[in-house]
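Trainee: Quick one: structure below, then a few questions.
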Amino acid sequence: MRQIVLDTETTGLDPAQGHRIIEIGCLEVLNRRVSGATYHVYLNPERDIDAGAVQVHGLTREFLADKARFADVAREFMEFVGDAELIIHNAPFDVGFLDAELARLGEGPIGRHCAVVDTLRLAKQLHPGQKNNLDALCKRYAVDNSGRAFHGALLDAQLLAEVYLAMTRGQESLGIEVAPPPPAADAAGTRRGPLRVIRPGADERAAHAAYLAGLAKECGEAPGW
């Protein structure tokens, strides 16, 4: 199964107000193992960045002035995410921005190409009434986020991948077929068939009863077996 853990940074909070994506970070997970393949790009939003957003991610318009525009990278980005399942924390936020960017290019929403798992929704189901932002989840699942001075799309995708794998551990399919054990081998390595049961005859049962009676007499009580 191919999954892409994805995060974005933006100029503000609402794409309907013209805010844009300024950073995309993606990390590939194959069959619940981080493959090492990543996609990371900074983008020129061609507009100002809210001061509050700069305080969160530290990206300025000056830094982004010479970076590519979303239209320049849209094809390579879509090729990377392909038909993978997207793992996103607070997915409606990032998906809303991606859909707005794709709509500017006359393209349909990202959901036409990829299924989406919202890890914030999953965390709220697992930990109701608790903080479930990425920092809180890193602490809960012992994921080291000490290098997260600012939010960064690729760094946050890497942290989220660790959190997601820890959070969903034990939910993998357990439908594993188990083969029956092979016949036991004797000391010479020869395979043996089923054991043959030989039941005692009347004389043997009588001798055994006499032995137990003698043992009871010596011990002063009947044996417990």
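Trainee: Please enumerate the residues belonging to the stretch 120-137 that are part of a helix (DSSP H, G or I) and either under 20 Å from residue 93 (Cα atoms) or among the β-branched types (Val, Ile, Thr) (or both).
Mentor: 120, 121, 122, 123, 124, 125, 134, 135, 136, 137
Trainee: For the structure I just gave you, tell me whether residue 102 is in contact with a His (Cβ under 9 Å, 6 or more places away or on another chain) and free of Cβ contacts under 8 Å to residues at least 60 places away in the same chain. Full working, then the answer.
Mentor: On the way: in contact with a His (Cβ under 9 Å, 6 or more places away or on another chain): no; free of Cβ contacts under 8 Å to residues at least 60 places away in the same chain: yes.
No, not satisfied.
Trainee: What's the number of the only condition in (1) of a type in the set (Val, Ile, Thr); (2) touching a helix residue (DSSP H, G or I) at 6+ places or on another chain (Cβ under 8 Å); (3) within 27 Å of residue 118 (Cα to Cα) that residue 56 fails to meet?
Mentor: (2)
Trainee: Taking into account only those residues within the stretch 75-111 that are part of a loop (DSSP other than H, G, I, E, B) and touching a Cys at 6+ places or on another chain (Cβ under 7 Å), which is nearest to residue 31 (Cα to Cα)? It would help to see each step written out before you state the result.
Mentor: Of all residues in the stretch 75-111, those part of a loop (DSSP other than H, G, I, E, B) come to 82-84, 89-90, 105-109.
Filter once more, so that each one left must be touching a Cys at 6+ places or on another chain (Cβ under 7 Å): 83-84.
Details: 83: 15, 84: 12 Å.
Only one residue fits best here, namely 84.
Trainee: While we're on this one: Looking at 101, 85, 46, can you tell me which residue is on the phi > 0 side of the Ramachandran plot and at pLDDT 95 or above?
Mentor: Result of the check over 101, 85, 46: 46.
Trainee: When residue 71 is evaluated against the numbered criteria (1) assigned to a helix (DSSP H, G or I); (2) without any contact (Cβ under 8 Å) to a residue 12 or more places away in the chain; (3) more than 29 Å from the chain's Cα centre (by Cα), which criterion, by number, is the only one it fails?
Mentor: Going through (1) assigned to a helix (DSSP H, G or I); (2) without any contact (Cβ under 8 Å) to a residue 12 or more places away in the chain; (3) more than 29 Å from the chain's Cα centre (by Cα) one by one, residue 71 breaks only (2).
Trainee: Filter the stretch 106-120 for residues that are loosely packed, with under 14 Cβ neighbours inside 10 Å and either in contact with a helix residue (DSSP H, G or I) (Cβ under 9 Å, 6 or more places away or on another chain) or at pLDDT below 95 (or both); which is nearest to residue 167 (Cα to Cα)? Show your work before the answer.
Mentor: Filtering the stretch 106-120 for residues loosely packed, with under 14 Cβ neighbours inside 10 Å gives 106, 108, 111-112, 115.
The next check asks that each one be either in contact with a helix residue (DSSP H, G or I) (Cβ under 9 Å, 6 or more places away or on another chain) or at pLDDT below 95 (or both); those that pass are 108, 111-112.
Values: 108: 31, 111: 24, 112: 27 Å.
By that ranking, first place goes to 111.
Trainee: Against the definition (at pLDDT 95 or above and of a type outside the set (Lys, Arg)), how does residue 145 come out, yes or no? So that I can check it myself, show each step before the final result.
Mentor: Values: at pLDDT 95 or above: no; of a type outside the set (Lys, Arg): yes.
The answer is no for residue 145.
Trainee: So which residues in the stretch 2-36 are over 17 Å from residue 60 (Cα atoms), touching a residue at least 40 places away in the same chain (Cβ under 8 Å) and hydrophobic (A, V, I, L, M, F, W, C), if there are any at all?
Mentor: Correct list: 4, 5, 6, 16, 26, 27, 29, 34.
Trainee: Of all the residues that make up the stretch 21-50, how many are more than 28 Å from residue 168 (Cβ to Cβ) and touching an Asp or Glu at 6+ places or on another chain (Cβ under 7 Å)? Spell out how you get there, then give the answer.
Mentor: Here is the first cut: in the stretch 21-50, the ones more than 28 Å from residue 168 (Cβ to Cβ) are 22, 42-50.
Right, trim to touching an Asp or Glu at 6+ places or on another chain (Cβ under 7 Å) and you get 22, 42-43.
Result for the stretch 21-50: 3.
Trainee: For residue 62, which of the numbered conditions (1) of a type in the set (Asp, Glu); (2) in contact (Cβ under 8 Å) with a residue 12 or more places away in the chain; (3) over 24 Å from residue 158 (Cβ atoms) fails to hold?
Mentor: Just one mismatch for residue 62, condition (2).
Trainee: Could you list all residues from the stretch 1-52 that are surrounded by fewer than 21 Cβ atoms within 10 Å (Cβ to Cβ), polar (S, T, N, Q) and not in a strand (DSSP E or B)?
Mentor: Of everything in the stretch 1-52, those that are surrounded by fewer than 21 Cβ atoms within 10 Å (Cβ to Cβ), polar (S, T, N, Q) and not in a strand (DSSP E or B) turn out to be 17, 31, 44.
Trainee: What single numbered condition from (1) surrounded by fewer than 13 Cβ atoms within 10 Å (Cβ to Cβ); (2) charged (D, E, K, R); (3) under 20 Å from residue 32 (Cβ atoms) fails to hold for residue 85?
Mentor: (1)
Trainee: Yes or no: residue 70 more than 22 Å from residue 148 (Cβ to Cβ) and either out of contact with any helix residue (DSSP H, G or I) (no Cβ under 7 Å at 6 or more places or on another chain) or not basic (Lys, Arg) (or both)? Let's see the steps before the verdict.
Mentor: Numbers: more than 22 Å from residue 148 (Cβ to Cβ): yes; either out of contact with any helix residue (DSSP H, G or I) (no Cβ under 7 Å at 6 or more places or on another chain) or not basic (Lys, Arg) (or both): yes.
Yes.
Trainee: Hey, among the residues in the stretch 127-149 that are surrounded by 14 or more Cβ atoms within 10 Å (Cβ to Cβ) and of a type in the set (A, V, I, L, M, F, W, C), which one's farthest from residue 10 (Cα to Cα)?
Mentor: 143
The values are calculated or read from the model by the stated rules, or taken from the named source; none is laboratory data. Since we're looking at a predicted model, the values are computed, not measured. Cβ: placed from backbone, ideal geometry, glycine included. Neighbour counts: every protein chain shown.
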